[in-house]
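Enquirer: Questions regarding the structure given below will be posed in turn.
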Amino acid sequence: MNSSGAGGDGKHDDDSALAEFLSSLMDYTPTIPDELVEHYLARSGFQCPDLRLTRLVAVAAQKFITDVASDALQHCKARLSAPVKDKSKQPKEKKLILTMDDLSKALRENGVNLKHQEYFADSPQLEMDPSTREEN
Amino acid sequence: MNDGGKESGQDNQNNNSTKKSSLPSPSSGGADDFSRSIAKIAVSQVCESAGFHGSRHSALDSLADILIQYIHDLSKASHFYANLSGRTACNVFDIIQGLKDLEAPRGFPGASDIHQCAVGSGVIKEITRFVDTYEENPFARPVPSFPIARQPKPITSFAQVGEATAGKHIPDWLPVFPDQHTYIHTPVWKERTSDPKADKIEQVRQRRKAEGSLLGLQQRLACNGAAMSAPAVDYIGKGKQVVGSNPFLAPPLPPGEKQVSEVVVPDEPAEGKRVSILETFAPAIEAAKQGSFIPNVSLKNRVLPSKRPTVHFKFGVDKNSIAMQVSSVAAGAKRDTWFLRDDEKDDKKRRAEMILKESMEKPDGLAQL
């Protein structure tokens, strides 16, 4: 189907590489559980009884999250090492906390716009979602 | 390594659950909570392996949300590509194409290469590299397969229960009829066996008994009145007096021994009448108290002696007060007729009417009631 210049051998190589990869997927257990991925796949109309494809999706999602997390980590480290004055505190010893700020910066590179509200103008007595009311 | 002291690799589930219990869960997505919390745990594990010591709640929430959204978008895209090729079941190529769509903003090597087989694309290469480099970090807890499909309870059919159908036209594989108690309303109270004849007999017997006792009382009074003297004590106002000794308990005097003083005579008519009225009402009052009504009071009148007793009785006070009550009832019965129930109203009305009739019959215009 592809009129590629690679010819038949390349195709075979690619096929075998893919087959190998898919079989290797069965050995690798992704962090994201299969059941969760299957649940969301079924929700969107994805139909496939093959477990390898489910694993593929799980691995792809994990790769994405890992990339985002590593980018955020770099941002966090950059922020910690940036301050000029080192006399009062040692920022290197401080714990690396994933904050909304770093996360939004990392996600922006991946095409996700995440904006977090700095503060809320409403009174704290009102019923609000506490997860968005915490920090930052 | 701890995630900000809140989670550890093995205690993710516990801490997540405690976090969930301490924070009220958002109102939206009640059925989604389970999968969302699992996603949160997975994301926290990934962050931990990336090198973070801790994380904010909101950041974790957002990242879990993004993960779910990513899976959703990828599956939607691959499903779209499968449909485009005229299939409903997705292929590995569909997934690869979906991945390319998602990675497009970021860019991946080989994106501009149109003549390359999809298998050799940069996306797969990156994923392969990812799998090879990153060490395995499986999910911390076993996850049950969800959502759990609930088996609907099958409705029992006639054949299953063994019941005979209501008619030949009803096949026995149809569901059974509901129980009779679900649609038939049966009275709950215990039906009292009311025997009107026995009730009437009992009522008449009670009345007769009351009449008989009153009769005896009247006779005794008459005897005492004839034998005994005038009031031994002075009376104040409306017959309020204190009798030193009970005249009923004193032995009967022979006739003519004691002289009845004539001082009281001028007041006698009034007193006598009043007493007579009171005495007239006495049986009605007693009957009302006992619950049986004596319609004919004329019987009493006949029994009354010609010589009116001049002794004032102690229970005149009570009589008076009762008479006042009765009069108030009589007066109020007309007012409150519509508040009373029918039987009560009739009873009180009857009583009031009888009392008024008696008072009218008597030739006295005493409205002292």
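The values are calculated or read from the model by the stated rules, or taken from the named source; none is laboratory data. Only a predicted model underlies this, so the values are computations on that prediction, with no experimental measurement involved. Cβ sites come from the backbone with ideal geometry, for glycine too, and all protein chains shown count toward neighbours.
Enquirer: Output the number of the condition that B:His79 fails; it satisfies all remaining conditions of (1) outside any loop (DSSP other than H, G, I, E, B); (2) at pLDDT 90 or above; (3) over 58 Å from the mean Cα position of the chain (by Cα).
Expert: Among (1) outside any loop (DSSP other than H, G, I, E, B); (2) at pLDDT 90 or above; (3) over 58 Å from the mean Cα position of the chain (by Cα), B:His79 violates only (3).
The rows are residues; the columns are (1) among the hydrophobic types (A, V, I, L, M, F, W, C); (2) within 30 Å of B:Ser35 (Cα to Cα); (3) at pLDDT 75 or above.
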position: B:Pro147; (1), (2), (3): no, yes, no
position: B:His181; (1), (2), (3): no, no, yes
position: B:Ile184; (1), (2), (3): yes, no, yes
position: B:Asp195; (1), (2), (3): no, no, yes
position: B:Arg208; (1), (2), (3): no, no, yes
position: B:Ser229; (1), (2), (3): no, no, no
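Enquirer: Looking at (1) surrounded by fewer than 24 Cβ atoms within 10 Å (Cβ to Cβ); (2) within 7 Å of chain B (Cβ to nearest Cβ); (3) of a type outside the set (A, V, I, L, M), which one does A:Asp27 not meet, given that it meets all the others?
Expert: Only one criterion is unmet by A:Asp27, namely (2).
Enquirer: Taking B:Asp61 and the conditions (1) at pLDDT below 50; (2) part of a helix (DSSP H, G or I), which numbered condition does it fall short on, given that it satisfies the others?
Expert: Exception for B:Asp61: condition (1).
Enquirer: Look at region B:146-165 and say how many of its residues are surrounded by 11 or more Cβ atoms within 10 Å (Cβ to Cβ) and either within 25 Å of A:Ala42 (Cβ to Cβ) or within 40 Å of the chain's Cα centre (by Cα) (or both).
Expert: Here the count works out to 9.
Enquirer: On to the next question. Can you give me the number of residues within region A:74-98 that are touching a helix residue (DSSP H, G or I) at 6+ places or on another chain (Cβ under 6 Å) and either of a type in the set (Asp, Glu) or modelled with pLDDT of 85 or more (or both)?
Expert: Residues that pass the stated criteria total 4.
Enquirer: Of the residues that sit in region B:50-101 and are within 24 Å of A:Pro33 (Cβ to Cβ) and among the basic types (Lys, Arg), which one is surrounded by the most Cβ atoms within 10 Å (Cβ to Cβ)?
Expert: B:Arg56
Enquirer: What number of residues within region B:41-82 are basic (Lys, Arg) and over 25 Å from A:Gln47 (Cα atoms)?
Expert: 1
Enquirer: In this structure, is B:Ser121 at pLDDT 90 or above and assigned by TED's automatic domain parsing to the domain that holds B:Arg36?
Expert: In short, no.
Enquirer: So if I check each of A:Leu25, A:Leu36, which one is closer than 19 Å to B:Ser145 by Cβ and assigned to a helix (DSSP H, G or I)?
Expert: Criteria check complete, one pass: A:Leu36.
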